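Colleague: Handing you a structure now.
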Amino acid sequence: TNRVFSGVQPTGNLHLGNYLGAISRFAGLQDDYECIYCVVDMHAITVWQEPRELERHIREVTAAYLAAGIDPDSHIVFNQSQVAEHAELAWVLNCVARIGWLNRMTQFKEKAGKNRENASVGLYAYPALMAADILVYRATHVPVGEDQKQHLELTRDVATKFNLDFEESIRALGYEEGFFPLPEPLITGTATRVMSLRDGTKKMSKSDPSDLSRINLTDDADAIAKKIRKARTDPDPLPHEVKGLEARPEAANLVGVYAALAGGTSADVLAEHGGAQFADFKQALIEVAVDKLAPVTGEMNRLMADPGHIDRVLAGGADKARAIAAPIYDEVRRIVGFIRS
Ligand code: AQP
């Protein structure tokens, strides 16, 4: 079967980039794949999280999944820390991955910043845990934004090395083609990389100190309108063709966001709005954004009002996830040579 795995960190400030680049795409895959969507709380604590805030943020990401239309009955929605096999396989994969590979990860360099000596060991080892998240289900496809492409390549490298290192042991279990499939990225369409509203060269991010840089999924219509009106732009009107967006990162971003929200391409947007001044285009963008996001926000708020329900969804999802992961990890034990008596 084709099995999808992906996750979002419960680190607060869920934004339009997370929605367009990840969560809404997750929902769109449900007809074609068996989908496993995780709230990756163990990834979140690679940087400090206030415990009570972490709980709230786990429920918030869960609510966003459900509000976006992910069906926890036909598919799986759960939080990572409830399925111990993620951590167990991560340890094995820590021992497969090479320090040299992790040293090349650009996200670690960005997140650790200048004070690298003081970053957590977990932040450094993050990609090995991500590899475990995917491989513990032997998932075949991973929908992620552009920013996660490098980590997914590392997952493939780890899977390849595991398959090779343990080749004999894997064959002895009856697997001819290696134990872990090499997962494929699903990065398609517009808005795979939504940029900051204040700087078209930086990605929209939860950790940006400026709230004006992003549209949060909890923003109401007034906040959305204000942030789009204040979004940075250049003085020229919109071009008529996509190639006119080159070297205009802010314009390219707003057109891309419009396209993703309206369900078309940047070319479609320019066919309609090419030649428009930004003041007018922003007004049109505010309308689409509010129109698309208000129902999601409303449903998230409704769900968040009943944390007991969300926790039951997570518990049910964890049971289903464990039922897939446990037998796979049992085989890993045998492959590696861990005795289980
Ligand atoms: N700006 C973005 N455009 C498109 N997709 C994005 N994603 C994140 N930012 C954008 C996608 O959202 C998913 C979940 O991301 P995550 O929470 O696991 O971690 P992240 O990529 O580190 O997200 P942020 O929002 O940028 O947080 P910080 O500020 O903490 O780094 C992923 O599929 C990601 O591709």
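Colleague: Let's test the formula: R0 of 30 Å, r as the Cβ-Cβ distance of Ala276 and Thr160. What FRET efficiency results, to the nearest 0.05?
Modeller: On the way: r = 49 Å, r/R0 = 1.64.
Efficiency, rounded to the nearest 0.05: 0.05.
Colleague: Moving on. Counting only GluC sites (Glu not before Pro) that sit in a DSSP loop (anything but H, G, I, E, B) with at most 13 other Cβ atoms within 10 Å, what is the longest stretch of the chain containing none of them? Intermediate results must be reported in sequence, preceding the final value.
Modeller: Details: sites that count: Glu176, Glu177, Glu241, Glu246.
Looking at the chain, 1-175 is the longest stretch - no exposed GluC sites (Glu not before Pro) with at most 13 other Cβ atoms within 10 Å.
Colleague: If I model a spin label as a point 7 Å beyond the Cα along the Cα-Cβ vector, how far apart are those points for Trp48 and Ala294 in nm?
Modeller: Once both label points are built, they end up 4.0 nm from each other.
Colleague: Quick one: putting +1 on the C-beta of Lys and Arg, -1 on the C-beta of Asp and Glu, what dipole do you get for the range 223-264 around its Cα centre, in Debye to the nearest 20?
Modeller: Details: 7 positive and 5 negative charges, 70 e Å.
For this selection, approximately 340 debye.
Colleague: Then there is this: Check cross-link reach from Lys114 to the aspartates and glutamates: straight Cα distance under 12 Å, and skip same-chain residues fewer than eight apart.
Modeller: Correct list for Lys114: empty, as no aspartates and glutamates qualify.
Colleague: To continue, here is another question. How much net charge surrounds Arg322 when only other residues with a Cβ under 13 Å from its Cβ are counted (Lys, Arg +1; Asp, Glu -1)? Before the final figure, lay out each step's value.
Modeller: On the way: positive: Lys320; negative: Glu85, Glu88, Asp319, Asp330.
Cβ neighbours under 13 Å give a net charge of -3.
Colleague: Further question on the same structure: Please give every one of the lysines within straight-line cross-link reach of Lys226, meaning a C-alpha to C-alpha distance under 19 Å, and leave out same-chain neighbours fewer than 8 residues apart.
Modeller: Lys206, Lys282, Lys292
Colleague: Continuing with the same structure: To make sure I understand the rule: partners must be lysines, Cα under 16 Å from the Cα of Lys109, and not fewer than 8 residues away in the same chain. Which ones qualify?
Modeller: Correct list for Lys109: Lys149, Lys202, Lys203.
Colleague: Just going by the charge dipole of the chain, with Lys and Arg at +1 and Asp and Glu at -1 on Cβ, which of Val290, Ile339, Leu135 is farthest out on the positive end?
Modeller: Selected residue: Ile339.
Colleague: Express in nm, to one decimal, how much length is gained between Asn118 and Asp32 on full extension, taking 0.36 nm for each residue of separation and deducting their alpha carbon distance. Walk me through the intermediate numbers first.
Modeller: Values: separation 86, 0.36 × 86 = 30.96 nm, distance 4.35 nm.
Additional length available on full extension: 26.6 nm.
Colleague: Which of the chymotrypsin sites (Phe, Trp or Tyr not before Pro) across the range 8-102 are loop residues per DSSP, with 11 or fewer other Cβ within 10 Å? All intermediate terms of the calculation are to be shown ahead of the outcome.
Modeller: On the way: sites: Tyr19, Phe26, Tyr33, Tyr37, Trp48, Tyr65, Phe78, Trp91, Trp101; in loops: Tyr33, Trp48.
Here the chymotrypsin sites (Phe, Trp or Tyr not before Pro) that fit, given the DSSP loop and packing criteria, are Trp48.
Colleague: Mind listing the long-range amide H neighbours of Glu184? Cut-off is under 5 Å, sequence gap 5 or more, other chains count too, H placed in the peptide plane at 1.01 Å from N.
Modeller: Answer set, sorted by chain and number: His141, Val142.
Colleague: Can you compute the label reach from Trp101? Point 7 Å from Cα along the Cβ direction, backbone N cut-off under 19 Å, restricted to the range 304-341.
Modeller: Zone members listed by number: 329, 332-333, 335-337.
Colleague: Kindly point out which whole DSSP H helices in the chain project their C-alpha atoms 20 angstrom or further along the helix axis while averaging a Kyte-Doolittle hydropathy of 0.5 or above. Intermediate values should be presented prior to the final figure.
Modeller: Working: long enough: 51-67 (24 Å, -0.54); 121-135 (21 Å, 1.41); 149-165 (24 Å, -0.84); 278-304 (36 Å, 0.34); 307-336 (40 Å, 0.01).
Length and hydropathy pass: 121-135.
Colleague: If you put +1 on each Lys and Arg Cβ and -1 on each Asp and Glu Cβ, how big is the dipole of the range 211-302 around its Cα centre, in Debye rounded to 20?
Modeller: On the way: 11 positive and 15 negative charges, 53 e Å.
Roughly 260 debye, rounded to the nearest 20.
Colleague: How far apart, in nm, are two points set 7 Å out from the Cα along the Cα-to-Cβ line at Asn2 and at Leu212?
Modeller: Modelled inter-label distance: 4.4 nm.
Colleague: What nm value, rounded to one decimal, do you get for the distance between Asn94 and Arg333 when each label is placed 7 Å out toward the C-beta?
Modeller: Result for the modelled spin labels: 1.9 nm.
Read the figures in this text as sums done on the coordinates, not as results from a lab. Note that this is a predicted model, so its numbers are computed, not measured. Cβ atoms come from the backbone with ideal geometry, glycine included; neighbour counts cover every protein chain shown.
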